[in-house]
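Enquirer: There's a structure below that I have some questions on.
The values are calculated or read from the model by the stated rules, or taken from the named source; none is laboratory data. All values reported here derive from a predicted model rather than from experimental measurement. Glycine gets a Cβ as well: all are built from the backbone with ideal geometry, and neighbour counts include every protein chain shown. Side chains are part of the model used for accessible areas, which takes the heavy atoms of the whole protein and leaves out ligands, DNA and RNA. Shrake-Rupley method; radii C 1.70, N 1.55, O 1.52, S 1.80 Å.
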Amino acid sequence: MADRVTVIGWDGSPLTAAARSALSAATLVAGAAHHLVLPEVPPAAERIRLGSVSLAARRIAGHRGSAVVLADGDPGFHGVVRTLRAPEYGLEVEVVPAVSSVAAAFARAGMPWDDAEVVVAHPRTLRRAVNVCRAHPKVAVLTAPGAGPAELALLLEGVHRTFVICEELGTTREQVTVLTSDKAADHTWRDPNVVIVIGGGSADAPAVRGWALPSAEYGEGLSEGEHAGLRAAQLARLGPRTGDLVWDIGSGSGALAVEAARFGAAVIAVDADREACVRTDAAAHRFGVQLQVVHGQAPQVLERLPEPDVVRIGGGGVAVVTGCADRRPGRIVTHASTRDEAEALGAALADGGYLVECALLQSVDLDTRSWAERERSVVFLVSGRRPESGP
């Protein structure tokens, strides 16, 4: 194992005295190409081009001497420190941080970033990074080759955003470009880069506590499938979270779509009724969440939507359940008014490879002035979970 491992952050400014001291004693230096040509790197030191951090960690673990790893920005903020400290390598590291590339990007843009979400996009995590950009009004994306501004823009098709693209921060080739997301796919961008994705959030929306709010919060005309008790059970089974994409098919007033978005998930609300789409859009603005509203008839309209993680079906029967199951989301929830309908929906889920559960839910609203029954709801809650999606 290396006698000493120091991880040094670099943001283009002169290295600190501590960083220079660690580099001068290094017998092995790992970093990107632009790090390894820094004049402070000892000529006699072994050099490792930092492509795979895991491979470099194994090389460092087997090295005798002092090792230095150079990284852009703050290496403890979505950087190499987490990998180097993994138990399988047994490395204890000292960290000399610099200004993170995210902080530098927001500084170049002249914007505050205490209210921003920060995500890392690799080819394998790009879809979830895009979902965060769908759901939040300000997101910084640390990109990677194959998961850069162009790929973000392509997956955000149909959702308008502004991109602030910061290329090669801290170098003489640094460049900041501001353009709309639909234009980003037409360019070739230099690595490394950070993309600030800005959307149209409602900063003045009230901070509402709780979820499965009373139906009155969403106005008149909620259907049986939007009753607060049913919404609570559906949300509990869906478990929407940041990075997920939720389909709400038959969104009605938008109550469930809004509440799923308040959990941090990206949401696409679909309804064949234009008035329902208007109500859903109004509810989203009222509660200060971002979601995409699509007018169309399921299951046909689903063909052009991006892949969902979880799906709530407010109506449409077996055909819609089958169409959603074909897209293989982790979980699907729906409801039925009769046992025969519930059995048919459960059979469609089972045929699609889902583990099926069904519960009969009864909810009674009481007028607390007289404790008389005000409203009663009785529905079958039908849910399906793909075995590989976990409990």
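Enquirer: Can you tell me which residue within segment 20-33, out of those that are part of a helix (DSSP H, G or I) and surrounded by fewer than 20 Cβ atoms within 10 Å (Cβ to Cβ), is modelled with the lowest pLDDT?
Expert: Across segment 20-33, the extreme among qualifying residues is Ala33.
Enquirer: Related question: Are any residues in segment 60-80 among the hydrophobic types (A, V, I, L, M, F, W, C), surrounded by fewer than 20 Cβ atoms within 10 Å (Cβ to Cβ) and within 24 Å of Glu117 (Cβ to Cβ), and if so, which ones?
Expert: Passing the criteria: only Phe77.
Enquirer: Just the residues that are assigned to a helix (DSSP H, G or I), open to solvent by 10 Å² or more (accessible area, probe 1.4 Å) and either under 20 Å from Ser337 (Cα atoms) or in contact (Cβ under 8 Å) with a residue 24 or more places away in the chain (or both), please, taken from segment 289-321.
Expert: If the condition is that a residue be assigned to a helix (DSSP H, G or I), open to solvent by 10 Å² or more (accessible area, probe 1.4 Å) and either under 20 Å from Ser337 (Cα atoms) or in contact (Cβ under 8 Å) with a residue 24 or more places away in the chain (or both), then Gly317, Val318, Ala319 are the ones that fit.
Enquirer: Here's a check for you: in segment 81-100, which residue that is under 12 Å from Thr6 (Cα atoms) and of a type in the set (A, V, I, L, M) is surrounded by the most Cβ atoms within 10 Å (Cβ to Cβ)?
Expert: Here the answer is Leu84.
Enquirer: Test Arg286 against the stated conditions and say whether it is more than 22 Å from Lys138 (Cβ to Cβ), open to solvent by 40 Å² or more (accessible area, probe 1.4 Å) and modelled with pLDDT under 95.
Expert: Against the criterion (more than 22 Å from Lys138 (Cβ to Cβ), open to solvent by 40 Å² or more (accessible area, probe 1.4 Å) and modelled with pLDDT under 95), Arg286 does not qualify.
Enquirer: With the requirement that a residue be open to solvent by 10 Å² or more (accessible area, probe 1.4 Å), touching a residue at least 60 places away in the same chain (Cβ under 8 Å) and not hydroxyl-bearing (Ser, Thr, Tyr), what does segment 227-243 give you?
Expert: Passing the criteria: His227, Ala228, Gly229, Ala233, Arg237, Gly239, Pro240.
Enquirer: If we only count strands (runs of 3 or more DSSP E) wholly inside segment 34-152, which ones have 2 or more residues that are β-branched (Val, Ile, Thr)?
Expert: 66-72, 93-96, 117-120, 138-142
Enquirer: Of the residues that make up segment 216-225, is at least one among the polar types (S, T, N, Q) and closer than 19 Å to Leu361 by Cβ?
Expert: The answer is yes; a qualifying residue exists.
Enquirer: Are any residues in segment 319-362 touching an Asp or Glu at 6+ places or on another chain (Cβ under 8 Å) and polar (S, T, N, Q), and if so, which ones?
Expert: If the condition is that a residue be touching an Asp or Glu at 6+ places or on another chain (Cβ under 8 Å) and polar (S, T, N, Q), then Thr322, Ser337 are the ones that fit.
Enquirer: Is it fair to say Ala57 is more than 16 Å from Ala18 (Cβ to Cβ), surrounded by fewer than 18 Cβ atoms within 10 Å (Cβ to Cβ) and at pLDDT 90 or above?
Expert: No.
Enquirer: So, one more: Residues in segment 330-343: is at least one open to solvent by 20 Å² or more (accessible area, probe 1.4 Å), assigned to a loop (DSSP other than H, G, I, E, B) and of a type in the set (Lys, Arg)?
Expert: Among the residues of segment 330-343, not one is open to solvent by 20 Å² or more (accessible area, probe 1.4 Å), assigned to a loop (DSSP other than H, G, I, E, B) and of a type in the set (Lys, Arg), which makes the answer no.
Enquirer: Okay, next question. Considering only segment 207-253, state which residues are among the hydrophobic types (A, V, I, L, M, F, W, C), at pLDDT 95 or above and touching a Leu at 6+ places or on another chain (Cβ under 8 Å).
Expert: Correct list: Ala233, Leu235, Val246, Trp247, Ile249.
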